[in-house]
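Only one structure is covered here, and it is reproduced in the block below.
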Amino acid sequence: MHGASAGPHVTPGLRTVPVQRRSAARLARILDACAELLDETGYEELSTRAVATRAGVPIGSVYRFFGNKRAMADALARRNLDSYAARVERRLAAIPAADWRSAIDAVLDEYLAMKRTVPGFGPVDFGTRIPAGPPGPAPAPGADPAPVPDANDRVADRLTALLAAQLGRAPDTALRRTVLVAVEAADALLQLAFRTDASGDPDIIAETRELVRAYLARTLG
């Protein structure tokens, strides 16, 4: 996945939406450089200037798209989520609709694969690893601050749609709530697995898989 050039999801923090292929490729290089530097230095030491140097673009090109490093990291997180959803969708296409257990295994397996192989995924994930703070300039006096969706809410929305289509169910409030609870539980446990072992503690991962399956059985079984 190193050097992936898939275009990122359009985010509220993106100042300019690329239209031409050349501009989209430059944005992808910026996000690739951001991912590499996150692995090397962590978020706190990340800088827009270092990203520009690594990407081989003028600093103005970075600021053309992003107001600050938080907005850049959030765009990377959303690109990760787009990539994850696409990977899960491809896996689900080969799984019989009634086999919900294999569908859940695919959801977990693709997350683990990205966690182990995708540059910058550890520090950023789908947004949960980004330190709290506004993604852009402060709102005007008297204006309500723009809401920043929780990363697990983003994940739950995408997985609810994918699983509903896979299982022939309506993506209703009850299914979405169930998926969100499973996502929150799996997220906490997989964080523990990767704190315990840099590659993911296999016993904790196995327990996570069993817990998520047992919880979802009452709704999907």
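For VAL124, only one of the following conditions fails: (1) at pLDDT 95 or above; (2) crowded, with 19+ Cβ neighbours inside 10 Å. What is its number?
(1)
Can you find a residue that is in contact (Cβ under 8 Å) with a residue 12 or more places away in the chain, at positive phi and open to solvent by 30 Å² or more (accessible area, probe 1.4 Å) anywhere in region 38-51?
Looking for residues that are in contact (Cβ under 8 Å) with a residue 12 or more places away in the chain, at positive phi and open to solvent by 30 Å² or more (accessible area, probe 1.4 Å), one finds none in region 38-51, hence no.
Please work out if ILE59 is over 21 Å from the mean Cα position of the chain (by Cα) and open to solvent by 40 Å² or more (accessible area, probe 1.4 Å).
Taking the combined requirement at face value, the residue satisfies it.
Which one of these is open to solvent by 60 Å² or more (accessible area, probe 1.4 Å), part of a helix (DSSP H, G or I) and at pLDDT 95 or above: ARG116, ARG209?
ARG116
Looking only at residues in region 10-37 that are open to solvent by less than 10 Å² (accessible area, probe 1.4 Å) and among the aliphatic types (A, V, I, L, M), which one is nearest to PRO123 (Cα to Cα)?
ALA35
The values are calculated or read from the model by the stated rules, or taken from the named source; none is laboratory data. Computed from a predicted structure; not experimentally measured. We place every Cβ from the backbone using ideal geometry, glycine too, and count neighbours over all the protein chains shown. Ligands, DNA and RNA are stripped out before the accessible areas are found, and what is left, the full protein with its side chains, is counted by its heavy atoms. Shrake-Rupley method; radii C 1.70, N 1.55, O 1.52, S 1.80 Å.
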